[in-house]
Amino acid sequence: MATIIVEVMLKPEILDPQGQAVAAALPRLGFNFAQSVRQGKRFEIVVAGEPTHAQLAEVEQAAEKLLSNPVIETYVVKVEK
Amino acid sequence: MRIGVVTFPGSLDDSSALRAIRLAGGEAVPLFHASDDLKEVQAVVLPGGFSYGDYLRCGAISRFAPIMSSIIVAAEHGFPVLGICNGFQILTESHLLPGALIRNQDLHFICKDQPLTVENVNTPWTSGYTKGERIVVPIKNGEGSFQASAQTLSELEDEGRVVLRYADVNPNGSQNNIAGITNARGNVVGVMPHPEQAIESLTGPSEDGLTFFTSILHSLVGR
């Protein structure tokens with residue numbers, strides 16, 4: 001069993017009001033480390049056995065077609081053991 | 001004239017859109033997301049709401065509903081489609097319209113009567129307005145901020161494809177104050193404001209929205 005991770009982030013040039021709200025809340029709690037914050041999504045997809053190249057190619061397709069919107073977002077596919 | 005309105009799981013304004021079509025003098029035809037049957041309608045409205053709970057991204061899951069496969073093919077051949085609010089989000093996710101709608105700039109859900117300028121009166125949905133006409137129509141959304149690449153924006157502007165623009169104050173951070181756009185052919189229109197909620201003085205801030213529905217009926221008669 002392995003987990004395929006798909007991480008989706010808004011493109012850098014797209015405004016991220018949620019990330020900005022988090023960045024503004026941190027100093028109110030005394031956390032002063034953040035210059036900026038961007039918020040994204042993480043999908044954990046469990047597959048039986050080791051993921052094959054064909055499976056990973058399908059996950060890439062799904063990430064392109066459904067999990068992300070390429071107009072405003074980018075994605076990364078990784079495998080976690 | 002048969003105009004369809006699609007109900008998705010989580011649609012809210014489908015009955016209001018059906019009612020607006022009836023009030024304009026058309027035959028309103030309910031359509032269902034799970035069927036690919038367009039029931040011989042001559043145009044279709046994708047109504048507002050929170051289809052599939054806005055899960056993943058607004059409109060992202062509705063895009064793959066069976067009815068959408070019929071609508072996408074028809075739209076590519078000139079079939080008139082109007083997407084209102086969530087319907088607009090579904091149209092951008094379907095790539096029938098460019099750009100995307102993201103969380104409002106201040107994160108608020110905004111519900112108010114919104115002054116707008118009608119900029120494109122060449123679509124079948126806006127032909128009854130005069131260019132530059134100021135109208136008041138409610139907006140009610142949390143993710144209405146229109147975003148597109150610089151190239152897409154200049155295409156929209158250069159080709160006159162901005163249909164509605166927010167007048168006075170930009171409520172949500174939309175680029176170029178864009179509240180509604182059309183495709184290159186002009187048959188597909190997406191708007192964030194709700195014309196179906198401004199069709200009579202008893203229930204809306206104006207009757208300005210009714211012109212969307214009378215326009216499509218006149219356009220279909222003229223074909």
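The values are calculated or read from the model by the stated rules, or taken from the named source; none is laboratory data. All of these numbers come straight from a predicted model, not from anything done at the bench. Backbone-built Cβ (ideal geometry, glycine too); neighbour counts: all protein chains shown.
On the stretch given as region B:172-189, residues that are outside any strand (DSSP E or B), within 14 Å of another protein chain (Cβ to nearest Cβ) and buried (at least 19 other Cβ atoms within 10 Å of the Cβ) total 2.
With respect to being under 26 Å from B:ALA100 (Cβ atoms) and away from chain B (no Cβ under 14 Å), A:VAL71 falls outside the description. Just one of the listed residues (A:ALA25, A:ALA21) is within 22 Å of B:GLY144 (Cβ to Cβ), free of Cβ contacts under 8 Å to residues at least 24 places away in the same chain and out of contact with any strand residue (DSSP E or B) (no Cβ under 9 Å at 6 or more places or on another chain), namely A:ALA21. Those helices (runs of 4 or more DSSP H) of region B:1-114 in which at least 3 residues are farther than 15 Å from B:VAL191 by Cβ, considering only elements entirely within it, cover B:14-24, B:66-76.
For region A:32-60, filtering for residues that are farther than 17 Å from A:MET9 by Cβ and loosely packed, with under 10 Cβ neighbours inside 10 Å leaves 7.
Going by the conditions given, is B:GLY83 at pLDDT 95 or above, away from chain A (no Cβ under 11 Å), closer than 22 Å to B:LEU217 by Cα and surrounded by fewer than 24 Cβ atoms within 10 Å (Cβ to Cβ)? Against the criterion (at pLDDT 95 or above, away from chain A (no Cβ under 11 Å), closer than 22 Å to B:LEU217 by Cα and surrounded by fewer than 24 Cβ atoms within 10 Å (Cβ to Cβ)), B:GLY83 does not qualify. Restricting B:GLY144, B:GLY204 to residues that are closer than 18 Å to B:LEU82 by Cβ and either free of Cβ contacts under 8 Å to residues at least 40 places away in the same chain or within 14 Å of chain A (Cβ to nearest Cβ) (or both) narrows the list to B:GLY144. With respect to the conditions (1) surrounded by 19 or more Cβ atoms within 10 Å (Cβ to Cβ); (2) away from chain A (no Cβ under 13 Å), B:GLU159 falls short on a single one, namely (1).
Restricting attention to region B:120-147 and to residues that are in a loop (DSSP other than H, G, I, E, B) and in contact with a Leu (Cβ under 7 Å, 6 or more places away or on another chain), the residue that is surrounded by the most Cβ atoms within 10 Å (Cβ to Cβ) turns out to be B:TRP125. Within region B:152-171, the set of residues being of a type outside the set (A, V, I, L, M), assigned to a helix (DSSP H, G or I) and in contact (Cβ under 8 Å) with a residue 12 or more places away in the chain comprises B:THR152, B:GLU155, B:GLU157. Taken together, the residues in region A:54-68 that are within 20 Å of B:ARG57 (Cα to Cα), more than 13 Å from chain B (Cβ to nearest Cβ) and of a type outside the set (A, V, I, L, M, F, W, C) amount to 2. Of all positions in region A:63-78, at least one carries a residue that is touching a Phe, Trp or Tyr at 6+ places or on another chain (Cβ under 9 Å), at negative phi and small (Gly, Ala, Ser). Looking only at region B:67-76, decide whether some residue is surrounded by fewer than 24 Cβ atoms within 10 Å (Cβ to Cβ), in contact (Cβ under 8 Å) with a residue 60 or more places away in the chain, more than 14 Å from chain A (Cβ to nearest Cβ) and farther than 27 Å from B:LEU202 by Cα. Checked region B:67-76: at least one residue is surrounded by fewer than 24 Cβ atoms within 10 Å (Cβ to Cβ), in contact (Cβ under 8 Å) with a residue 60 or more places away in the chain, more than 14 Å from chain A (Cβ to nearest Cβ) and farther than 27 Å from B:LEU202 by Cα. Does B:PHE50 satisfy the criteria of being of a type in the set (Phe, Trp, Tyr) and more than 21 Å from B:GLY144 (Cβ to Cβ)? Against the criterion (of a type in the set (Phe, Trp, Tyr) and more than 21 Å from B:GLY144 (Cβ to Cβ)), B:PHE50 does not qualify. Working carefully through the options B:LEU91, B:LEU97, B:LEU101, B:LEU38, find the one that is away from chain A (no Cβ under 13 Å), at negative phi and in contact with a strand residue (DSSP E or B) (Cβ under 8 Å, 6 or more places away or on another chain). Testing whether each residue is away from chain A (no Cβ under 13 Å), at negative phi and in contact with a strand residue (DSSP E or B) (Cβ under 8 Å, 6 or more places away or on another chain) leaves just B:LEU38. Residues that are β-branched (Val, Ile, Thr), within 11 Å of chain B (Cβ to nearest Cβ) and farther than 20 Å from B:GLN175 by Cβ within region A:1-50 comprise A:VAL8, A:VAL22, listed in sequence order.
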